[in-house]
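Below: one structure, written as structure tokens.
The values are calculated or read from the model by the stated rules, or taken from the named source; none is laboratory data. Nothing here was measured: the structure is a model prediction, and the numbers come from that model. Here the Cβ is made from the backbone with ideal geometry for all residues, glycine too, and neighbour counts use every protein chain on show. Ligands, DNA and RNA are excluded from the accessible area calculation, which covers all protein heavy atoms including side chains. Shrake-Rupley method; radii C 1.70, N 1.55, O 1.52, S 1.80 Å.
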Amino acid sequence: MTVAQNLAATSPPAPRQRFRFTPAALIWPAMLYLILTTQVPFFMTLYYSLFRYNLVDPTNRPFVGLGNYISLLTDASNLRIVLNTLVLAGGTLTVTLILGGSLAMLLNRNFPGRTLLRTLMISSFLVMPIVTAVVWKNMLLNPVFGFFSWVVSSLGGVPVDWLAQFPMASVIAMIAWEWTPFAMLILLTGLQSLPEDQLEAVRLDGASPWQEFRYVVLPHWTQAIQVVVLMETIALLQVYGEIYGSTSGGPGVATTNLPYFIYQKAFAEYNIGLASAAGVLTVILTNILAVYLLRMINRTLAHNKGD
């Protein structure tokens, strides 16, 4: 036996190459789960939106193509519902930005009990939507024994049925109460990242509080404001529980938005075709706004990096 054969005989066997999971192999289970739970229901909704499908007579399901979408977009009351959705989202977003920014500037100052106050401020964000609706409807907005009516009566005024006379404003106030803490936290985080020396410099230059806010604080808040706008817009276009628990979309269709309209058509009228078309329209509207806002944020980030 040669030396080479002896070495071959005595050398240990070559180790087996272990199977290694590639990043794609690790990601695909999660991707498959997301596809099954999000895209499959969406394509089923898209499929049903092309039929005149009512659960009262499930065997009669004629193909109507874009008929449900045409009916949805040509009916004046349905266009009012789309407008309600945009007004509700835009109004709530405006209120939360103003109140959240004011509270963020307040909590950015040093004073006793600031930590406790900050914790109490975010408590409304943790309340479930249906609970918020019940509390506001029965304890705050009730025309007989509600808190706001008691305040009006104490000042010599006539109690107001807020949900009947000012339905959209009441719903906006209710949802803004929930989402103001979110805006406050994001804006407070952005404000705390502002270097103190910049503020001291503008104060030494004789800038007024408004000039300090206009030329220093507000530009620094740009990214935080865009994050609030993006996140809240997506959430506010899907508001349902607050409307269900307070106004049920009324009076008439004064507070009916697209999510509540979908509920009415699907579970009250069993009109699956029209409800599916409204669902697809809601998804398209949400994605258009989200893509636009994401591009706006990316442009701002790229501009800041260039500077």
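For the chain, what is the accessible area per residue in Å² when the probe is 1.4 Å?
Per residue, the chain has an accessible area of 62 Å².
Counting Lys and Arg as +1 and Asp and Glu as -1, each charge on the Cβ, what is the dipole of the chain about the Cα centre in debye, to the nearest 20? Intermediate results must be reported in sequence, preceding the final value.
Values: 16 positive and 13 negative charges, 175 e Å.
In total the dipole reaches around 840 debye.
Can you tell me the order of 247-254, 120-127 when each peptide is scored by its average per-residue count of other Cβ atoms within 10 angstrom, highest first?
Averaged packing, sorted descending, gives the order 247-254, 120-127.
Toward the positive end of the charge dipole of the chain, about the Cα centre and with charges on Cβ (Lys, Arg +1; Asp, Glu -1), which of G65, S248, P181 goes farthest?
Most positive-ward Cα: G65.
Once you treat every alpha carbon in the chain as an equal point and sum by Debye, what is log10 I(q)/I(0) at q = 0.07, 0.09, 0.15 Å⁻¹?
-0.44, -0.66, -1.28
For the chain, with all protein chains present and a 1.4 Å probe, just round the carbon and sulfur fraction of the accessible area to a whole percent. Don't skip to the answer; put the middle values down first.
On the way: 12830 of 18910 Å².
Heavy-atom surface of the chain belonging to carbon and sulfur, 1.4 Å probe: 68 percent.
Could you tell me the center-to-center distance, by alpha carbons, between region 154-220 and region 40-103 in angstrom?
What the calculation gives is 31 Å, centre to centre.
How many nm is it between the label spots at Y215 and L79, if each spot is 7 Å from the Cα in line with the beta carbon?
Taking the simple label geometry, Y215 and L79 are separated by 4.7 nm.
Among M128, M231, M31, whose mean-square fluctuation peaks in a Gaussian network model of the chain (Cα, cutoff 10 Å)?
M31
Quick one: ranking D75, D197, D205 by accessible area, 1.4 Å probe, largest first, what do you get?
Solvent-accessible surface, decreasing: D205, D197, D75.
Using a 7 Å offset from Cα along Cα-Cβ at F42, what residues in region 257-278 end up with backbone N under 20 Å from the label point?
So the set is 258-260, 262-263, 273-278.
Work out the length of the dipole vector of region 152-226 about its Cα centre, built from +1 on the beta-carbon of each Lys and Arg and -1 on the beta-carbon of each Asp and Glu, and round it to the nearest 20 debye. Intermediate results must be reported in sequence, preceding the final value.
Values: 2 positive and 7 negative charges, 39 e Å.
Computed about the Cα centre, the dipole is about 180 debye.
With N denoting the number of residues in region 198-267, provide Rg(C-alpha) divided by 2.2 N^0.38 Å, to two decimal places.
1.90
Round to the nearest 0.05 the FRET efficiency obtained for M128 and Q198 when R0 = 30 Å and r is the Cβ-Cβ distance. Let's see the in-between values first.
On the way: r = 41 Å, r/R0 = 1.36.
Step by step, r from the Cβ atoms, then E = 0.15.
Compute the convex hull volume of the Cα atoms of region 43-183, divide it by the residue count, and report the result per residue in Å³ as a whole number. Spell out each step's value before the answer.
Details: hull volume 26.6 nm³, N = 141.
Looking at region 43-183, the number lands at 189 Å³ per residue.
For the chain, set up a Gaussian network in which alpha carbons nearer than 10 Å are linked by springs, and say which option among L188, L116, L86 fluctuates the most.
L116
What full-extension length gain, to one decimal in nm, is calculated for I27 and D57 as 0.36 nm per residue of separation minus the Cα-Cα distance? Intermediate results must be reported in sequence, preceding the final value.
Values: separation 30, 0.36 × 30 = 10.80 nm, distance 4.29 nm.
Difference between extended and current length: 6.5 nm.
Given points 7 Å out from each Cα along the Cα-Cβ axis, report the V283 to A254 separation in nanometres with one decimal.
Rounded to a tenth, the inter-label distance reads 3.4 nm.
Please identify the DSSP H helices in the chain that span no less than 27 Å along the helix axis (Cα) and have a mean Kyte-Doolittle hydropathy of 0.0 or more.
Answer set is 76-107, 167-192, 272-306.
Full-extension gain between A290 and V144, please, as 0.36 nm times their residue separation minus the C-alpha to C-alpha distance.
Full-extension gain reported as 48.4 nm.
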